[in-house]
């Protein structure tokens, strides 16, 4: 009887070890299937583009939709155009602390796209900045998170709209939900920052960034921004492929206006015809800021 109990005890101990390992193995298999196996196969369109001469001399109207993204990625993959000597992680984002871009108290930071992750916002506040965090997808009323971090239930847009209907995605929790959105100048006016410089403008807003940056450039709203930290998104189903030429030209216009990349990191890439995905973390400084 004692031997049987001992054997049962050994079995229970082994089971306590094996069950978690089996569960972990199942999770790994599930993630592999979801992220690798089910992705459509096919030639890497950007590699084909490079091998065929990258279309350097091609006319815009002759370019395929995917060539515009390949060109964008080539710009992102370039060596840093501005060498930031004092580059630091601030929460989950990299920022430049060289003069004259260094965010020094009482610095002003706008953070668009939070999704309950305030690591960047809280860390900037610890450095003495006043941080305004915006994310209407959280469906949380405006409140003061701390003495220097203020959450505002407003989204960034290309127009002022109290009944903006967002696209349905993983961040839209109700199909009939409406957001309040404002342009950057309208938000600055609302918060009493009309004549203040933004030390850092951070943006992670799931493809909305493209049209918003176009509008910011047209309205000259980026003139008095020192740093722009952004995650660029190109998903398989959005933006529309017909928008890709304008997206590439928007990024190049930023460079024409003095913005220089000091940081870039690939988040995701897949270049098949049926599943084209590109996500990039990007940090840029306004090299013309001192002259503005």
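The values are calculated or read from the model by the stated rules, or taken from the named source; none is laboratory data. Predicted model only: the values in this text are computed from it and were never measured. All Cβ positions, glycine included, derive from the backbone under ideal geometry; neighbour counts span all protein chains shown.
Check region 224-243 and report whether any residue there is at pLDDT below 95, surrounded by fewer than 19 Cβ atoms within 10 Å (Cβ to Cβ) and within 21 Å of residue 287 (Cα to Cα). Yes, region 224-243 contains at least one residue that is at pLDDT below 95, surrounded by fewer than 19 Cβ atoms within 10 Å (Cβ to Cβ) and within 21 Å of residue 287 (Cα to Cα). Would you call residue 248 out of contact with any helix residue (DSSP H, G or I) (no Cβ under 6 Å at 6 or more places or on another chain), in contact (Cβ under 8 Å) with a residue 60 or more places away in the chain, assigned by TED's automatic domain parsing to the domain that holds residue 86 and under 13 Å from residue 76 (Cβ atoms)? Spelling it out, it is not the case that residue 248 is out of contact with any helix residue (DSSP H, G or I) (no Cβ under 6 Å at 6 or more places or on another chain), in contact (Cβ under 8 Å) with a residue 60 or more places away in the chain, assigned by TED's automatic domain parsing to the domain that holds residue 86 and under 13 Å from residue 76 (Cβ atoms). Scanning region 161-180 for residues that are part of a loop (DSSP other than H, G, I, E, B) and surrounded by 15 or more Cβ atoms within 10 Å (Cβ to Cβ), we see that the one that is modelled with the lowest pLDDT is 171.
Against the definition (surrounded by 15 or more Cβ atoms within 10 Å (Cβ to Cβ), at pLDDT 95 or above, under 20 Å from residue 112 (Cβ atoms) and out of contact with any strand residue (DSSP E or B) (no Cβ under 6 Å at 6 or more places or on another chain)), how does residue 197 come out, yes or no? Taking the combined requirement at face value, the residue does not satisfy it.
For every residue, the table says whether it meets (1) in contact (Cβ under 8 Å) with a residue 12 or more places away in the chain; (2) farther than 24 Å from residue 97 by Cβ; (3) in the same structural domain as residue 74 (by TED's automatic domain parsing); (4) more than 17 Å from the chain's Cα centre (by Cα).
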| residue | (1), (2), (3), (4) |
| --- | --- |
| 211 | yes, yes, yes, no |
| 228 | yes, no, yes, no |
| 232 | yes, no, yes, no |
| 241 | yes, yes, yes, yes |
| 244 | yes, yes, yes, yes |
| 257 | yes, no, yes, yes |
| 264 | yes, no, yes, no |
| 271 | yes, yes, yes, yes |
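The set of residues in region 25-51 being at pLDDT below 85 and crowded, with 17+ Cβ neighbours inside 10 Å consists of 49 alone.
Can you pull out every residue in region 265-283 that is part of a strand (DSSP E or B), in contact with a helix residue (DSSP H, G or I) (Cβ under 9 Å, 6 or more places away or on another chain) and under 29 Å from residue 61 (Cβ atoms)? Those that are part of a strand (DSSP E or B), in contact with a helix residue (DSSP H, G or I) (Cβ under 9 Å, 6 or more places away or on another chain) and under 29 Å from residue 61 (Cβ atoms): 269, 271, 276, 278, 280, 282.
Residues in region 213-226 that are over 16 Å from residue 100 (Cβ atoms) and outside any loop (DSSP other than H, G, I, E, B): 213, 214, 215, 216, 217, 218. Filter region 181-194 for residues that are out of contact with any helix residue (DSSP H, G or I) (no Cβ under 9 Å at 6 or more places or on another chain) and farther than 16 Å from residue 112 by Cα; which is surrounded by the most Cβ atoms within 10 Å (Cβ to Cβ)? The extreme case among them is 189.
Only a single criterion out of (1) closer than 19 Å to residue 285 by Cα; (2) touching a helix residue (DSSP H, G or I) at 6+ places or on another chain (Cβ under 9 Å) is not satisfied by residue 211, namely (1). Applying a threshold of 7 Å to beta carbon distances and a minimum spacing of six or more residues, or different chains, the list of pairs starting in region 86-104 at a residue that is free of Cβ contacts under 8 Å to residues at least 12 places away in the same chain and ending at one that is part of a loop (DSSP other than H, G, I, E, B) and crowded, with 16+ Cβ neighbours inside 10 Å reads 88/97.
Might you let me know whether region 235-255 holds any residue that is outside any strand (DSSP E or B) and within 23 Å of residue 108 (Cβ to Cβ)? Let's see the steps before the verdict.
Residues of region 235-255 outside any strand (DSSP E or B): 235-255.
Next, from what is left, pick out any that are within 23 Å of residue 108 (Cβ to Cβ): 254.
Scanning region 235-255, I find at least one residue that is outside any strand (DSSP E or B) and within 23 Å of residue 108 (Cβ to Cβ), so the answer is yes.
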